[in-house]
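Notes follow the structure.
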Amino acid sequence: MPDRKIKYGMVGGGPDAFIGAVHRMAAALDGEMEIVAGAFSATPEKSFAQGKALHLDPDRVYGSYREMAEQEAALPEGERIDFVSITAPNHVHFDAAKVFIEAGIHVVCDKPLTNTLEEAETLCRLVAEHKVVFALTHNYTGYPMVKQARAMVAAGKLGEIRKIVVEYPQGWLSTLLEAEGHKQATWRMDPTKAGVSSALADIGTHAENLTGYITGLEMEELFADLGAMVIGRELEDDASVLIHYKGGARGILYASQISVGEENNLRIRIYGTVAALRWSQEHPNWLYVAHCDGPEEIYKRGNDYLEPVAQHSTRIPPGHPEAFIEAFANIYRNAGRTIAARIAGRDPHPFDLDFPTVQDGARGVHFVHTAVESGKRRQWIDARYSPPGS
């Protein structure tokens, strides 16, 4: 490790933002990195106001991310930012990531990676060309019990996977909030900012990524039913997808923003020939494993019987809940330690390489566009995909 904290800057996350503050809390949790710069808003006045609120050096607060990339890259190593955290809306991700990658600065980016597959694949190639670390904040992969589930599937403890049911229902867009000027609703339902999709791009990509992370299975074909249930919307607020995976497993993915009463209820059930497991994001510290001929087992985070990778991602003893911020922090910690290893000229610990990559982001973008196309055609579509560099 270098004899200092890892330094980072942020794009987005200004005074009116939600997720930017979450990213900053997650990055700060382990005391291994510090925010020193930012272009926090497309409006310079808001960017400077956020920098002041964070007590940053005014000379390191910028009116645009292009200005930040140029000026930070010109600073001596050890003084300039080691990576940038991109938390701005979807349409900003590609250009901001491209600018910093080309400046030789590592990137942590919120999902979805980009609005188009062409952009996603361009970033894959640029990451390889400039040899930077690129982490995508599919934060649900950071939960200890998700890592436990992944290790159990990889060890064959479920047998051959037959069925996957993953769902991510929310209810906050059950009314036309964007017509009331609600900032988070407005950009998510604007095709010029959100791209071709709302529900699938915003939360369906989390469900897709979680499934791939735990099972390692790749999609073969899919059939999607997408719709805007609230009158007046251009993008879908509800999606149901049937999936065939390579190897024969079948899947159901449901992502909804109009499921009244639901908050953030990401859930996954995986059924194998020997056993099944289920995990819920709203109750993340337990993993349930069921058998045909025995009692159901409950695995709890923080215990010594868990797989080493799950223990590595746990900070406090059993019985003390860990949740959203800690899972987010695991992505930042792993990416940060990988960057630190690069700076120190050594190989990172294998567990520190456990974070979603730019290729995972490209897979998510491909999934969204394939599902949108299937919904338009109302037919099964080939979903096979191998991103550049995978």
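The values are calculated or read from the model by the stated rules, or taken from the named source; none is laboratory data. Not measured: the values here are computed from a predicted model. Heads up, the Cβs are rebuilt from the backbone with ideal geometry, glycines too, and the neighbour counts pull from every protein chain shown.
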Review point. Does segment 154-173 hold any residues that are in contact with a strand residue (DSSP E or B) (Cβ under 7 Å, 6 or more places away or on another chain) and not in a loop (DSSP other than H, G, I, E, B), and which are they?
Key: ILE161, ARG162, LYS163, ILE164, VAL165, VAL166, GLU167, TYR168, PRO169
Point to revise | segment 59-107 - residue that is within 16 Å of the chain's Cα centre (by Cα) and within 20 Å of ILE6 (Cα to Cα) and, of those, surrounded by the most Cβ atoms within 10 Å (Cβ to Cβ) | key: ALA97
**Study point:** Boolean, GLY78 is outside any helix (DSSP H, G or I) and within 13 Å of VAL11 (Cβ to Cβ)
**Key:** no
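Does any residue of segment 2-13 turn out to be part of a helix (DSSP H, G or I) and not assigned by TED's automatic domain parsing to the domain that holds ALA207? So that I can check it myself, show each step before the final result.
Quick first cut of segment 2-13, residues part of a helix (DSSP H, G or I) only: none.
The answer is no; no qualifying residue exists.
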Revision key, fill the gap. Of (1) touching a Gly at 6+ places or on another chain (Cβ under 9 Å); (2) farther than 30 Å from GLU296 by Cα; (3) small (Gly, Ala, Ser), GLY181 satisfies every one except (1)
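Of all residues in segment 246-270, which are in a strand (DSSP E or B) and either of a type outside the set (Val, Ile, Thr) or under 13 Å from TYR168 (Cα atoms) (or both)?
Our first condition is that a residue be in a strand (DSSP E or B); within segment 246-270, this holds for 250-256, 267-270.
Within segment 246-270, ARG250, GLY251, ILE252, LEU253, TYR254, ALA255, SER256, ARG267, ILE268, ARG269 qualify.
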Practice item. Kindly indicate whether ARG188 is of a type in the set (Lys, Arg) and either surrounded by fewer than 17 Cβ atoms within 10 Å (Cβ to Cβ) or within 18 Å of the chain's Cα centre (by Cα) (or both). Key: yes
Exercise for review: For segment 250-274, enumerate the residues that are crowded, with 21+ Cβ neighbours inside 10 Å and small (Gly, Ala, Ser).
Suggested key: GLY251, ALA255, SER256, SER259
Practice item. Assess whether TYR213 counts as being closer than 18 Å to ARG363 by Cβ, of a type outside the set (D, E, K, R) and surrounded by fewer than 23 Cβ atoms within 10 Å (Cβ to Cβ). Key: yes
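Residues checked against (1) acidic (Asp, Glu); (2) touching a helix residue (DSSP H, G or I) at 6+ places or on another chain (Cβ under 8 Å); (3) within 17 Å of VAL107 (Cβ to Cβ):
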position	(1), (2), (3)
ASP16	yes, yes, no
VAL22	no, yes, no
ALA39	no, yes, yes
LYS46	no, no, no
ARG60	no, yes, no
GLY78	no, no, no
ASP82	yes, yes, yes
THR87	no, yes, yes
Exercise for review: Keeping to segment 191-212, report how many residues are modelled with pLDDT of 95 or more and in contact with an Asp or Glu (Cβ under 8 Å, 6 or more places away or on another chain).
Suggested key: 7
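From the list ALA327, ALA362, which one is farther than 20 Å from MET145 by Cα, modelled with pLDDT of 95 or more and among the small types (Gly, Ala, Ser)? Write out each step before concluding.
Working: ALA327 fails: farther than 20 Å from MET145 by Cα.
Just one listed residue meets the conditions, ALA362.
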Check your understanding: Just wondering, is there one or more residues in segment 153-166 that are closer than 22 Å to ASP110 by Cβ and surrounded by 16 or more Cβ atoms within 10 Å (Cβ to Cβ)?
Key -> yes
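Residue-by-condition table, conditions (1) under 21 Å from the mean Cα position of the chain (by Cα); (2) not hydrophobic (A, V, I, L, M, F, W, C):
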residue: ILE343; (1), (2): no, no
residue: HIS349; (1), (2): no, yes
residue: THR357; (1), (2): yes, yes
residue: GLY361; (1), (2): yes, yes
residue: GLY364; (1), (2): yes, yes
residue: PHE367; (1), (2): yes, no
residue: THR370; (1), (2): yes, yes
residue: ASP382; (1), (2): no, yes
residue: TYR385; (1), (2): yes, yes
Exercise for review: Return the only residue of ILE252, ILE325, ILE258, ILE298 being among the hydrophobic types (A, V, I, L, M, F, W, C), within 30 Å of ALA27 (Cβ to Cβ) and not assigned by TED's automatic domain parsing to the domain that holds ALA27.
Suggested key: ILE325
Check your understanding: Which members of segment 8-48 meet the condition of being more than 20 Å from the chain's Cα centre (by Cα) and farther than 20 Å from GLY63 by Cβ?
Key -> GLY31, GLU32, GLU34
